[in-house]
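A.B. asks: Structure incoming, see below.
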Amino acid sequence: MTDHEPAPAREARRLSTKETAELLGVKPETVYAYVSRGQLSSRRAASGSRGSTFDAAEVEALAQRNKREPAAGSAPGELSVRTRITLIEKDRYYFRGVDAAELAARHSYEEVAEWLWTGALRPEVRFTAPRQSLASARRAVGALPEHSGPVDRLRVAAVAAAVADPLRFDLSEEAVLGTARTLIPTLVAALPPVQHTHRDGGPLAQRLWGRLSGREPDDPSLHVLDTALGLLVDHDLAASTLAVRVAASARAHAYAAVSAGLGVLEGPLHGAASGLAHRMLLEVLDRGSAAPVVADELRAGRRVPGLGHRLYKGEDPRAQALFALLEEIPQVHPALAAARDVVATTARHTDLHANVDLALAVFTVSCGMPVEAGETVFAVARTAGWIAHALEEYGERPLRMRPSGQYVGLRPPQPLPAPDAPLATE
């Protein structure tokens, strides 16, 4: 080597799997999950050693990202979670960078779910329920009172399926994906059938139809249901999705994380919103005009169901996609006209557009489905998104979803309370 030749560059410092896991605050299995997702690169250890090694600088950079400093544009103290799953921007939304409405229109619900979980499409993929977990879920759901709602049944089915799965505590990516592909069809098959000739095989939308309607489905109606499921798979950090991520941050297994989402979904401001729109459309059809129905809603101090969304200035893209398909189904036209009457009536005074709850209500009303049908569709669809977020959260630092409370009560020290004494006030 001459004096002018550069000295060999010193090799970057390498960390073992154990050291990498400790630095990131995760389990060793999660380190390899980072590798499979392209967030870390690995190299086989030197001859005679087992395992892999990791570039220290790359690991330290990932650890810094995992501290989750507030994203640009977020207000101080506002919870902000970086995610690679869904982007909502300029009245459109995208799953892993792909237009979600186009994806749902061209691919089945199962294919959209696989894309959300893995970033890969699996044409003609079908999800099947294991016999043991399905039997357990059906027994548990069958023991519920007749007046139980669909989310009650889904939540009980999720718990029963979890108990039947001894491997539920395995949080590796492969295991969680296996859970996802069996839990969703288990939830659907555990719902009581409406049709005596319901099907437990075929696409998930076809199996779900027999739990929602006693009518025989035609291909256009099944396509609308399948597309609705795909459109509703995920919508960024909705309240139920945040609950799922909190559960996953505490390393709750996938069934428990889904149960957390189902608990929040039952709120009237979230998953039950489509039922309110369903009832409103039935009343519009009964009274022949939207004007008195809208007036009654406003007189009671309620918002008109199925209108407006805080994330979209214009029309909800999910509603746009469903309305376009619904126009092709003749039996939908009365309910579709009623929905347009609602929008036109309210447009005289407000600039609110139709959201996905109104489009879903047009579908459920037209197909003779019960008022809770939209909530059922929403819950089944969103289960795939919840699992995608749980998978993402399992790769993060544990228990990071722990905000600090701002105490506003009485300042200590306070005297010990006397028996039956009223609480002191400031």
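Laboratory data are not the source of any read-out in this text; all were calculated from the coordinates shown. This is a predicted model, so every value here is computed, not measured. Glycine also receives a Cβ, built like all others from the backbone with ideal geometry; neighbour counts cover every protein chain displayed.
A.B. asks: Quick one: what are the phi-derived ³J(HN,Hα) couplings along region 90-95, Karplus 6.51/-1.76/1.60 with θ = phi - 60°, whole Hz, x for glycine and proline?
C.D. replies: 6, 6, 10, 9, 9, 9
A.B. asks: May I pose another question? Starting from the Kirkwood Rh over alpha-carbon pairs, what translational D in µm² s⁻¹ does region 302-370 have by Stokes-Einstein at 4 °C and 1.567 mPa s?
C.D. replies: Answer, rounded: 107 µm²/s.
A.B. asks: Could you state the number of Å between the C-alpha centres of region 307-386 and region 212-242?
C.D. replies: 11
A.B. asks: OK, next. Please determine, in degrees from 0 to 90 and to the nearest 10, the orientation of helix 333-346 with respect to the longest principal axis defined by the Cα atoms of the chain, where the helix direction is its Cα long axis.
C.D. replies: So the helix axis and the longest Cα principal axis differ by about 80 degrees.
A.B. asks: Provide Rg and Dmax in Å for region 98-168, with only Cα atoms included in the calculation.
C.D. replies: 15.8, 43
A.B. asks: Okay, next question. Show the residues, 5+ positions off or on another chain, whose built amide H is closer than 5 Å to the amide H of HIS309.
C.D. replies: Under 5 Å from the amide H of HIS309 lie the amide H atoms of HIS353, each far enough along the sequence or on another chain.
A.B. asks: Further, regarding this structure: Which angle from 0 to 90°, rounded to the nearest 10, does the C-alpha axis of helix 173-190 make with the longest principal axis of the chain?
C.D. replies: With rounding to tens, the tilt is 20 degrees.
A.B. asks: From the helices alone, meaning DSSP H stretches of at least four residues, give me the mean residue ellipticity at 222 nm for the chain, per-run term -39500 (n - 2.57), in deg cm²/dmol to the nearest 500.
C.D. replies: Result for the chain, helices only: -15500 deg cm²/dmol.
A.B. asks: To continue, here is another question. What do you get for the angle between helix 317-326 and the principal long axis of the chain? Use alpha-carbon atoms, 0 to 90 degrees, nearest ten.
C.D. replies: Relative to the chain, helix 317-326 is tipped by roughly 50 degrees.
A.B. asks: If you wrap a convex hull around the C-alpha atoms of region 210-295 and split its volume per residue, what is the figure in Å³?
C.D. replies: Here the figure is 141 Å³ per residue.
A.B. asks: If you don't mind, another one. Using the Cβ atoms and a cut-off under 12 Å, what net charge is assigned to the surroundings of VAL362, where Lys and Arg are +1 and Asp and Glu are -1?
C.D. replies: -2
A.B. asks: May I pose another question? So if I average 1/r over every pair of distinct C-alpha atoms in the chain and take the inverse, what Kirkwood radius in Å does that give?
C.D. replies: 24.0
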